[in-house]
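Right, one structure below, let's go through it.
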Amino acid sequence: MKNNFSIKNWSEEDRPREKLLAKGKVSLTNSELLAILISSGNRNESAVALCKRILASVGNNLNALAKLSVSQLQEFKGIGEAKAISIVAGLELGRRRRDGDELVFDKIGSSKSVFEIMQPLLGDLEHEEFWVLFLNNSNTVLSKQQLSKGGITGTLVDVRLLMKKALEIGAVALIVCHNHPSGTLKISEADKQITVKIKNAGMALDIKLLDHLIITEQAYASFADEGLL
């Protein structure tokens, strides 16, 4: 049976591609944008209806959608491997665009600006990663680098490697960040200990630790804001 729910068979006013051309990309809903990626639905629903159902399953949250794997997306009728890959690739491009547009060469003015830089990288990970922002004397970001990658409950930090990189880059200040996949913002004793260790190592090299952020999908905790530095 031929699928009558292909986008090319819809009325012209319902076609998201044509709508994008006529009214601009901002006029499209999330489900319409996803429908363009998958092109067609299944025998019982259009691509837009299918995408509405997929989005509803994750509370209409694109960050939650981005966490779904290819196999999880294939559980929806009408989503085969190719369509699932298109969705995953499209969402990953969106994440990378956010990363590319970040404040990499902008001045850090607050813990919130650090969160805005690092949340796209760390917010929805299911394992811990430890990152460092290397700054000059104007608090401008020279580079941001992953220092280590761990498991669900922790990651190891090599302070010597951190300082070696800072010296190579010519940084005079640091901001370190790591994520908590559990979503908790509670600062652990281990978090405090590694912060003190980095701070002391930096002082010996005249490199100042400005902050340590714990990042989750929606929020963050700042050592500086909490008066812990």
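FYI, it's all coordinate maths here, none of it is from the lab. All figures in this text were calculated on a predicted structure; none of them were measured in a lab. Methodologically, a virtual Cβ is constructed for each residue, glycine included, from the backbone with ideal geometry; neighbour enumeration extends over all protein chains shown.
Structure notes:
- Measuring how big region 177-229 is from its alpha-carbon positions, Rg and Dmax come out at 11.5, 35 Å.
- For region 124-181, applying the loop criterion from DSSP together with a ceiling of 15 other beta carbons within 10 Å to the GluC sites (Glu not before Pro) yields E126.
- Residues with amide H under 5 Å from that of S148, placed H, sequence gap 5 or more: F130
- Across the chain, the longest piece that holds none of the trypsin sites (Lys or Arg not before Pro) lying in DSSP loops with up to 13 other C-beta atoms within 10 Å covers 78-185.
- Springs join every pair of Cα atoms under 10 Å in this Gaussian network model of the chain, and among A166, A22, A89 the largest mean-square fluctuation is at A22.
- The calculated P(r) of region 111-222, using every Cα pair and 10 Å bins from 0, goes 15, 51, 30, 3 in percent.
- Karplus (6.51, -1.76, 1.60) ³J(HN,Hα), θ = phi - 60°, over region 31-39, in Hz, Gly and Pro reported as x: 5, 5, 5, 5, 4, 5, 5, 9, 6
- Once Rg and the Kirkwood radius are both taken over the C-alpha atoms of the chain, their ratio Rg/Rh works out to 1.10.
- Database remark: amide H of K208 closer than 5 angstrom to the amide H of A173, L174 (H placed geometrically; neighbours at sequence offset of 5 or more, or on other chains; Pro and chain starts carry no H).
- Evaluated at q = 0.14, 0.17 Å⁻¹: base-10 log I(q)/I(0), Debye formula over Cα of region 7-100: -0.49, -0.72
- Percentage relative contact order, the chain, counting C-alpha pairs under 8 Å, at least six apart: 14 percent
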